[in-house]
Amino acid sequence: MTQLILLPGKDRSLAHRHPWIFAGSVDRLNGRARPGDTVDVVAANGRPLARAAFSPESKIRGRVWSFDPEEVVDDAFFKRRVAAAVERRTILPELREQEGLRLIHGESDGLPGVVADRYGDTIVLQLTSAGADKWRKAIVGALHKATGCPRIYERSDVNVRRLEGLEPTTGWLLGEAPDERLTIVENGVRMKVDIVAGHKTGFYLDQRDNRLMTRDLAAGRAVLNCFCYTGGFSLQALAGGATSVLSIDSSGPALATGAENLALNPQLDASRAEWREADVFNDLRAMKNSGQRFDLIILDPPKFAPSASHADSAARAYKDINVLGFRLLNPGGLLMTYSCSGGIGPEHFQQIVADAAVDAQRDARILRRLAASPDHPVALHFSEGEYLKGLLCQAD
Ligand code: SAH
């Protein structure tokens, strides 16, 4: 097999089981390899280290499939890894009953570049690396075998594919579009999932536990849900007895789906909900000036910093909305604030929120540190997996 030979001293991160091999660590390729081919990763002194997928166009030149340099990467390998990922989701009781569930979370499940989300009996697959792309058929077969799901739809229409020299692609890989629209029940609330045109694979599964926490906190509170998308936090807040829920997003279609979701849940009091199409930055400022105040504010913005190089501008944007969030809180109010930017770590985010409270002249404390739900595990050796972090703060 072709060998990917590392420069002297560049085997350290592999020794720590980090699965990425950057171009700058590579000395040379001994043989030929096409994008996505499996190569033997070898230290400068000739010691075999791992088996990885080769990606000539990406800065991440190799992604490790196995740290066992002898393990064969074939259909059976994907069957084992996919089955283990699916099995892992049965360990925690609360995951067993979820209709919407992330089955494969990339590197943290030992499958770099592979994301698979299950909505009822439909799986949405996203392949973002040359290696994952190459093994599409094996992964589809393994998912079908491990879950019995009759339908698999591909949503590989993300820009990061271009970094790997891959074109965007979407379509049915197994079965065909169901007749009825797809919905899931999440903690007692029915939600529409648009797997074709929705964000990510259709839904933000990572916030499931945090949305549930909102339900537990909402009773008797006036709630503001910023960046609401299709209303996941809003509906849980209504379920928890919020006195009012104002939901803001800049996307008209997302808001329309939010209103449809509310209609799918006749148990909720729709008269308490208001949906507003607006830019959150402008709208929060306007509400601050008009004196409108809330008891629970959720800030779940899009990824401002996809990588560390965007961290400075992203930090300013996070600070801006958090200053406004603190200013709009009634005394004793709660702020649930998030960052899903890989380029901003948990400590940095906490510093930003602390600075925001200072600017807003509010004293506040952290009641809980928040993260993605456990169907988005974080491999101990892959801190990049910890992209979503949040704080539940209470202000004086
Ligand atoms: N909290 C949501 C997910 C939020 S995703 C959930 O639980 O499902 C981020 C959302 O921010 C997207 O819906 C996007 O349309 C919206 N958005 C991005 N920039 C915005 C802006 N400047 N003002 C308002 N909404 C914005």
Of SER307, SER373, SER108, the most mobile residue in a GNM of the chain (C-alpha springs, cutoff 10 Å) is SER307
Largest fluctuation, HIS105, HIS144, HIS348 only, Gaussian network model of the chain with Cα springs under 10 angstrom, belongs to HIS348
The orientation-averaged projected area of the Cα convex hull of the chain, in nm², is 19.4
With every protein chain kept in place and a 1.4 Å probe, segment 3-66 has an accessible area per residue in Å² of 51
Rounded to a whole %, the carbon-and-sulfur portion of the accessible area of the chain at a 1.4 Å probe is 49
Heavy-atom accessible area per residue of segment 75-179, all protein chains kept, 1.4 Å probe, expressed in Å², is 43
Candidates ASP133, ASP320, ASP363; GNM for the chain (alpha-carbon contacts under 10 Å) flags as most fluctuating ASP363
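The values are calculated or read from the model by the stated rules, or taken from the named source; none is laboratory data. Note that the structure is predicted; figures quoted are calculated from it, not measured. When the accessible area is computed, the model is the full protein with side chains, heavy atoms only, and any ligands, DNA or RNA have been set aside. Shrake-Rupley method; radii C 1.70, N 1.55, O 1.52, S 1.80 Å.
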